[in-house]
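Below: the structure, in structure tokens.
Every read-out reported here was derived from the displayed coordinates using simple, explicitly stated rules and does not represent laboratory data. Predicted model, so just to flag it, every value in this text is computed and none were measured. Counting neighbours? That spans all protein chains shown, and the Cβs are built from the backbone with ideal geometry, glycine included.
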Amino acid sequence: MKRSLVNTRIKRYLTMVVILFTLSFAVEPLFLVSTVSAQTRHTYHRRHRSFWQKHRDKLTVAGTTGAGAAIGGIAGGGKGAAIGALAGAGGGALYTYKLRKRHRRHYHRY
């Protein structure tokens, strides 16, 4: 095979892997099931969350993956882009799921 054809196939394969990896974060919440007993039902004021608030974790990991791929692509071509994407995804996931403080106290005035 020609070298350019091999490079094209490798790029397509790596692109599909990165896309499937990113989408795997979106599939995870579909399998979670929560149950509520009849005795614990309460009426709460429903907040309307923005797109960013709903998908903050996934967008952060996807953004760091893209940034890592861009920097790796500039520095080392296709192989550098793949390594950069993995490093960016790992760093973004580490920050999002381990380092960032999730629970902030909200005080309501009545």
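Applying 1/(1 + (r/R0)^6) with r as the Cβ-Cβ distance of His55 and Ala75 and R0 = 30 angstrom yields a FRET efficiency of 0.55. Between His103 and Val17, the simple spin-label model (points 7 angstrom out along Cα→Cβ) gives 3.8 nm.
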